[in-house]
1. Which members of the range 86-110 meet the condition of being open to solvent by 60 Å² or more (accessible area, probe 1.4 Å) and in a loop (DSSP other than H, G, I, E, B)?
2. Out of the residues in the range 118-160 meeting the condition of being open to solvent by 30 Å² or more (accessible area, probe 1.4 Å) and aliphatic (A, V, I, L, M), tell me which one is nearest to PRO18 (Cα to Cα).
3. Name the residues in the range 9-64 that are outside any loop (DSSP other than H, G, I, E, B), hydrophobic (A, V, I, L, M, F, W, C) and closer than 23 Å to CYS163 by Cα, would you?
4. For the range 173-203, which positions are in a loop (DSSP other than H, G, I, E, B) and touching a strand residue (DSSP E or B) at 6+ places or on another chain (Cβ under 9 Å)?
Amino acid sequence: TYQAFNWDEYLKQTNSSPAPLDCFKQAVNPPQNDFKVGMKLEALDPRNVTSTCIATVISVLGPRLRLRLDGSDNKNDFWRLVDSSEIHPIGHCEKSGGMLQPPLGFRMNASSWPMFLLKTLNGAEMAPSKIFQSEPSGPRTNLFQVGQKLEAVDKKNPQLICCATVGAIKQDQIHVTFDGWRGAFDYWCRYDSRDIFPVGWSAKSGHPLQPPGQKNSTGSNRFKIRTFSLPSTTTPASATTNNTVSTTIDVQSPEADTSAPPPPPIVVHLRKSCMGGPLIDSSL
Ligand code: MLY
C-alpha cells in the first residue's frame, strides 16, 4: 500500500520548520477536481501569455490538470491548478471581447485556424463553468524565511511535487531548492507562485509527493557516474618530483547533470610550467 511521506518525522530529523500557511497563494483546503480527461477549456498559452487558446485535459492529478493546447504538439504540455486564474470555461474570452488564438507553434497554416477552431469545438466536451474555482488571494508581501520547508513543483518534471527548502530570499523572490538533490532543479520564483505549497498540501489534496532524494543510495537511476580518461602520457607514475604540482579536480562539465552526486575527485599532476589550459586554475 502507498505510504505517504512522513513530514513530521522528517522535520524533526532535519530540525527544520515548515513555511507557515499564510506565506502561500494556495487555498487552505485544496480545491476539488471535477475535471475529466478530454474536457476542453480556455487557457493562456504559457509560451505567449497574451494569447488565449483552446486546451484539452490530458490527465488529472489531485487538484491539478495536465493540459495540451489544441493545434499544438504533445511536447509542450503544462500543468495548472483547478483554481488557476489562467484557465476559463469556453466562451470566456469572447465574452470579454477577445478572440481565441492559435497556440505558438500551431502545426497548420495560420489561415486554417478559423476552420480548425470550428472543427475543434464542434461536438467537444466543454468543461462546465461550475468546476472552475476562483484563485485564492495571496499574501501582500514575501513572508518566507530561509530554511523553511515547503512542497514545490519540479519545473523540469512538472508532474512532480517534491520536498523542498527555501534556500534564499531576494525581494519578491524565493530560491526553491530540492531536498536531497543537487542544484540542477533549483529555481527562483515569486512568493505568490502557484507552484509552491505548504507542507502537507499534497497529502491533503490527494496529490503524490516526491520524498527527498537519496544522494547515496545505490542502484538508483540518479547514481550516474560520469568518467573521462586522460591520455596515459599525462599521468606519469611518479609525479611528486619538484618540477610538478598536483591539483584535485571535481569532475563536473558545465552541462553535467548536477542532480547526481559528483564522481570521486581525480588527481592530475602537472609540470609547474604547464598552464593547463582554460579549464584548470593554475593558481591552485
Ligand atoms: N528522472 C530524473 C528525475 C529527477 C527528479 C528530481 N526532482 C525530484 C527534484 C532522475 O531520476 O534523475
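The values are calculated or read from the model by the stated rules, or taken from the named source; none is laboratory data. Quick caveat, the model's predicted, so the values are computed rather than measured. Reconstructed Cβ throughout: ideal geometry from the backbone, glycine too, with neighbour counts over all protein chains shown. Ligands, DNA and RNA are excluded from the accessible area calculation, which covers all protein heavy atoms including side chains. Shrake-Rupley method; radii C 1.70, N 1.55, O 1.52, S 1.80 Å.
1. Across the range 86-110, the qualifying residues are GLU86, SER96, GLY97, MET99, GLN101, LEU104, ARG107, MET108, ASN109.
2. The residue in question is VAL146.
3. LEU11, LEU21, CYS23, VAL60, LEU61, listed by residue number.
4. Quick first cut of the range 173-203, residues in a loop (DSSP other than H, G, I, E, B) only: 179-182, 186, 191-195, 198-200.
Matches in the range 173-203: ASP179, GLY180, TRP181, ASP186, TYR191, SER193, ARG194, ASP195, PRO198, VAL199, GLY200.
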